[in-house]
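Following: one structure in structure tokens, then a few remarks.
The values are calculated or read from the model by the stated rules, or taken from the named source; none is laboratory data. Here the structure is a predicted model, which means the values were calculated and not measured. Note that we place each Cβ from the backbone using ideal geometry, even for glycine, and neighbour counts take in every protein chain shown. Areas reflect the complete protein model, heavy atoms only, side chains present, ligands, DNA and RNA absent. Shrake-Rupley method; radii C 1.70, N 1.55, O 1.52, S 1.80 Å.
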Amino acid sequence: MKVALFIPCYIDAIYPEAGIATHELLERFGVEVVYPLNQTCCGQPMANEGDNANSAAAEQLFVENFKGFDYIVGPAGSCVKHVRQHFDAIPQTEAVTQVRNNTWELVEFLHDVLGVSAFPWAYFRYKASLHNSCSSIRGLHIAQPSEHMGPYFNKSEKLLQMVEGLELVQLDRPDECCGFGGTFCVTDEAVSARMGLDRIHDYLRHEAEFIISPDMSCLMHQQGIARKAGMHLKFIHIAQVLNGGPF
Amino acid sequence: MSSKRVDVAANAAAFIDKDDIHEPFHDEHLWAARMKRDAAARAVPEWEALRDLASQIKAHTLTHLDHYLELFEANATRHGAKVYWARDAAEHNQHVLDILSSRNINSVIKSKSMLQEECNMTAFLETRGITVTESDLGERIQQLDNQPPSHIVMPAIHKTAGDIAEIFAKAIGTDPNNADPQYLTEAMRQDARQRFLKAGAGMTGANFAIAETGSFVVCTNEGNADIGASVPPVHIASIGIEKLLPKVQDLGIFIRLLSRSALGTLATQYTSHFTGPRNGGELHIILTDNGRSKRLGLPDFWHSLKCIRCGACMNTCPVYRRSGGLAYGATYSGPIGIILDPTFDESKYSELPYHSTLCGSCTEVCPVKIDISDQILKWRKVMAEKKYLPISRRLAFGAAGKVFEHPGLFHGAETAASAAMKITPHFLLYNRSLNPWGRHRELPHFAKQTFREWYLQYKQPDKEPSPKEL
């Protein structure tokens, strides 16, 4: 199986280890991984501001880079959600539709497509908490949203439970938004920071040492708050845990 | 309209920065309501099916609204009510004034009605010499404090018992140091009852209006609407035209959803049905548009008219819980306010759609399945197209758009940003006005090597990047 790897811009620059872990993890499952070199950003930051004029070019470039692949996998729920659900600043040609339909978030790709049942190489002997992003939960349905009355499921939790040694702690507000929200974290700084701080207190109340997420963007915001407040919490992408590093 | 733009982010920041009491209290109480709602919803196995049904009934009614409104008018009139039509707030208020003036009524008791809030009715009547007394406890607290309600269901939820003790001490002479809720409520009961008994007319809103019977339903937990409707000889009901339901049998679905969604209770304490005037009394119904038919004509936004005003989206909204309802500067706050308010005044409320993380919890919790989160994003597009975005933000995204369009520029920008972070003095990076990120957050560190560089080095070592790829 051949997969095109979609590495969101902020992971490329700030969290390359999450990208490396994703690459290695996919290869461990026998997948041939291709990284189109001309990728930049999916256009989400502009589109979320309602600025279609400025997101169109990024969206078009994304399609140019990823068209023709059966699977496009990205380790970031919110970016994948943007591609799949809101990629509408450009005309919906066949290539665009095909790219949108074939783009997968890493957890759902591992869970739904590869159907993985073990990570024999992975050990993680810590108490950790899972932070599924809102885009992943309510946008991509990688977990049952707490508001919705249906059978419980949580794909990232299911994958993490296969990792030896890992103890997942439950939170008081399991899927409360952390307040990142893209540009919201800057334009609405006070609310954003308070939400992040409340989230961190929830982790601390339950004695989590690590926070694991399929979305590094939420963690970037939370990590910034924890560091500023001098709180010792470690934030890590789920791919790194499932791959056994790099840390 | 040339009203001043609401700076909801600054208002929210002020609520958070005020002290260490109000914002945490607000957040905790509303989250508790959300938790109670979850438990109540979980106890109904067909909950999701009920949401679907309710949404479909509302969609049907709204797409046949002219028919159901005329049916309602005919049936209400047949039962002896007098029905009026109001295009806007001014016409609504004038009808109320005409009814009161022609009967020499100068004192009114009212129960909570968001429509009357929308019409700014109380101020209109009071400047014309008519005393208006709120009968809902939370709404009375707000009235005595000269504030609008901050929540659809819990108007004074942003206030602590201490705040209320202070207000009541000034207004009705209670002990300023006694914040016992029982004591305060009893004191208000004694004060308000005299006003209730003297009122010449009672005003209510309506939660639902039934076309096939011409009756309407008012849901309260305090029974205050029932006092207003049954003590004074004249009852005036303000009903938004979107409140229609075709049949009585539809009501069961909505009654089951309303109170469970709002407060997590099985039903409101009082669910009162009004069909025609009581013996010897008068019933006046004002069917009010006030922007609703305009909203019905907006392809992206007409679904917002399904709203049954339960407030569940506000309770669940993590942004609303931290901001307090008054931050929105509008009749409706929280997620539902964000999508309703711009239909009243796009310019004044142009910042509201940005006051959301788009987490989507509002959409999932909504008992009538309004796509609130998607509508918030669509409103941003309207604001961007109409150039309501602050100029600094538009410029930043114009620049970002250019960078992301060209891989070479992007990789150059990455390097430049990484270098800039290293040489920029700390006070500049963390200056509040220059960089709001840094006020409560450390900046992330750029990695020594990007993923792309790693890939070129370890995965494609033979491949020299061509100039086109740089």
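Observations on the model:
- In this label model, residue B:28 and residue A:234 are separated by 3.3 nm, measuring between points 7 Å along each Cα→Cβ vector.
- Counting 0.36 nm for each residue step from residue B:20 to residue B:90 and taking away their Cα separation leaves a gain of 21.1 nm.
- For the listed peptides B:71-82, A:80-91, a ranking on the average number of other beta carbons within 10 Å per residue, highest first, reads A:80-91, B:71-82.
- Computed with a 1.4 Å probe over protein heavy atoms only, the accessible area of residue A:24 comes to about 70 Å².
- Minimum 10 Å² accessible area buried by the other protein chains, segment B:1-22 residues, probe 1.4 Å, relative to alone: B:9, B:13, B:16
- Solvent-accessible ranking of B:154, B:35, largest area first, probe 1.4 Å: B:35, B:154
- Column: log10 I(q)/I(0), Debye, Cα scatterers of segment B:248-291, q = 0.22, 0.23, 0.27 Å⁻¹: -0.89, -0.90, -0.92
- Chain B: relative contact order in percent, alpha carbon pairs under 8 Å with at least 6 residues between: 21
- Where a label projected 7 Å from the Cα of residue A:162 along Cα→Cβ would reach, residues of segment A:106-126 with amide N under 15 Å: A:106-124
- Exposure of residue B:247 as accessible area (Å², to 10), given a probe of 1.4 Å and all protein chains: 100
- Along the axis of the charge dipole computed for the protein assembly as shown (Cβ charges of +1 for Lys and Arg, -1 for Asp and Glu, origin at the Cα centre), the listed residues B:108, B:208, A:111 are led at the positive end by B:108.
- Convex hull of Cα atoms in segment B:245-381, direction-averaged projection (nm²): 9.9
- Percent of C-alpha pairs per 20 Å bin in the protein assembly as shown, short distances first: 17, 47, 28, 9, 0.
- Here the ratio of the Cα radius of gyration of segment B:165-231 to 2.2 N^0.38 Å is 1.47.
- Shielding score for A:38-46, defined as the mean number of other chain Cβ atoms within 10 Å: 5
- Surface/4 of the Cα convex hull for segment B:98-145, nm²: 3.3
- Close amide-amide hydrogen proximity is noted between residue A:3 and A:32, A:33, A:34, each under 5 Å apart and 5 or more residues distant or on a separate chain (H modeled in the peptide plane; Pro and chain starts excluded).
- For peptide A:198-207, the mean count of partner chain Cβ atoms within 10 Å of a residue's Cβ comes to 1.
- Take the Cα of residue B:4, step 7 Å toward its Cβ, do the same at residue B:409, and the gap between the two points is 3.8 nm.
- Annotation: amide H of residue B:268 within the under-5 Å range of B:259, sequence separation 5 or more or interchain, hydrogens built in the peptide plane.
- Cα-based equivalent ellipsoid of segment A:1-62: semi-axis lengths in Å, sorted from largest, via gyration tensor: 26, 13, 8
- Its alpha carbons considered, segment A:52-141 gives a radius of gyration followed by a Dmax of 15.4, 49 Å.
- Here chain B carries DSSP beta bridges of which approximately 25% are antiparallel, counting only pairs with both residues inside.
- Most to least accessible of A:131, B:273 (protein chains only, probe 1.4 Å): B:273, A:131
- Efficiency of FRET from Cβ geometry, residue B:182 and residue B:44, R₀ 30 Å, rounded to 0.05: 0.40
- Using θ = phi - 60° and Karplus 6.51 cos²θ - 1.76 cosθ + 1.60, couplings along segment B:13-21 (whole Hz; Gly, Pro as x): 4, 5, 5, 5, 7, 3, 6, 9, 10
- The equivalent ellipsoid that matches the C-alpha gyration tensor of chain B spans semi-axes of 48, 27, 21 angstrom, in descending order.
- Table column - 3J(HN,Hα) (Hz), segment B:441-457, Karplus curve with 6.51, -1.76, 1.60, x for Gly and Pro: 9, 6, 6, x, 9, 6, 6, 5, 9, 6, 4, 4, 5, 4, 4, 5, 6
- GNM top mover of A:146, A:129, A:217 - chain A, alpha-carbon springs below 10 Å: A:146
- Expected-Rg normalisation [2.2 N^0.38 Å, Cα atoms] applied to chain A: 0.97
- Proximity of backbone amide H atoms, modeled 1.01 Å from N, is registered between residue A:104 and A:72, A:73, A:74 at under 5 Å, excluding neighbours fewer than 5 places apart on the same chain.
- For segment B:256-338, the relative contact order works out to 22 percent when only alpha carbon pairs closer than 8 Å and six or more residues apart are counted.
- Inter-chain neighbour count for A:8-19: the average number of beta-carbon atoms from partner chains within 10 Å of each residue's beta-carbon is 6.
- Extension reserve of the residue B:418-residue B:127 stretch, reckoned as 0.36 nm per residue once the Cα distance is removed: 98.6 nm
- Sorting the segments B:204-210, B:12-18 by their mean number of nearby beta carbons within 10 angstrom, highest to lowest, gives B:204-210, B:12-18.
- Mean accessible surface per residue for chain B, computed with a 1.4 Å probe while every protein chain stays in place, in Å²: 42
- Exceedance of the 28 Å cut-off in Cα-Cα distance is limited, within the set B:82/B:378; B:58/B:381; B:18/B:170; A:67/A:158, to B:82/B:378; A:67/A:158.
- Among beta bridges that DSSP assigns inside the protein assembly as shown, antiparallel share in %, nearest 5: 15
- Gyration tensor over alpha-carbon atoms, segment B:35-181, equivalent ellipsoid semi-axes in Å: 33, 29, 12
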